[in-house]
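Okay, so here's the structure we're looking at.
The values are calculated or read from the model by the stated rules, or taken from the named source; none is laboratory data. Computed from a predicted structure; not experimentally measured. Here the Cβ positions follow ideal geometry from the backbone for every residue, glycine too, while neighbour counts run over all protein chains shown.
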Amino acid sequence: MNAKFSSFSPRQAALDSWHWRDIWDWLNGPPLHVILIFVVALVSQKLGSRAIIRIMNRLATVELGTSRIQIAARQVERAKTGGTVLTSTLNAVIWVIALGMILEEFGLNLGPLIASAGVIGLAIGLGAQSIVRDVIAGLFMLIEDQYGVGDQIDVLEISGTVERVGLRITKVRDEAGTLWYLRNGEILKVGNRSQNR
């Protein structure tokens, strides 16, 4: 029985203790911080998305003083599109910040990365002007309620029924049955035969 205890020495106990302390110190550093950053980002995304959906659902069901079904349907569509835009923007911001914090935990210097991202962002921004113009025009069309799904409109050389209004593209089906995809940034004037005076 003494043979079993003789192989266990105070030196071995100190080494085992040191080994576990090193592992705990390592885990307590960047890995634990990365896990915490990831969890906080995930929770922020879920809570933010839930809050946006609740707010947009309230906006979609607010009584406008009129009881027209067409206006109510248009209001729901506008709220849904606005909710999608806000949720996507929130998710992008949360995960870009989380990624930066995670990279910083591993000792990556973010200064040069941010500077080069600024130059790349400028180049992409110049190249994507038409996409940005389409999205901004789509937002203003939705906010101003220029037309909605089911409206009879005259736009460019096309007359037809609006089938879908998106942030970048509006889909219109003409009288011949052709589905037209119109970029919102290219729509300079539109006539809506469905809106009352």
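Brief remarks on what is shown
- The residues in segment 170-186 that are surrounded by 14 or more Cβ atoms within 10 Å (Cβ to Cβ) and either more than 20 Å from residue 134 (Cα to Cα) or touching a helix residue (DSSP H, G or I) at 6+ places or on another chain (Cβ under 7 Å) (or both) can be counted, and the count is 4.
- Test: residue in segment 101-110 that is farther than 30 Å from residue 80 by Cβ, touching a His at 6+ places or on another chain (Cβ under 9 Å) and not charged (D, E, K, R): yes
- Answer residue from segment 47-74, given it is of a type in the set (S, T, N, Q) and at pLDDT 75 or above and is surrounded by the most Cβ atoms within 10 Å (Cβ to Cβ) among those: 49
- Residue within segment 120-142 that is closer than 30 Å to residue 39 by Cα and outside any strand (DSSP E or B) present: yes
- Residue 37 within 22 Å of residue 88 (Cβ to Cβ), in the same structural domain as residue 99 (by TED's automatic domain parsing) and modelled with pLDDT under 95: yes
- Complete set of residues in segment 143-165 that are of a type outside the set (Ser, Thr, Tyr), over 21 Å from the mean Cα position of the chain (by Cα) and either not assigned by TED's automatic domain parsing to the domain that holds residue 182 or not in a loop (DSSP other than H, G, I, E, B) (or both): 144, 152, 153, 154, 155, 158, 160, 162, 163
- Cβ-Cβ distances below 8 Å connect the following pairs, each with a first residue in segment 93-119 that is touching a residue at least 40 places away in the same chain (Cβ under 8 Å), a second residue that is of a type in the set (Gly, Ala, Ser), and a separation of six or more residues or different chains: 94/41; 94/44; 94/48; 95/41; 97/41; 98/41.
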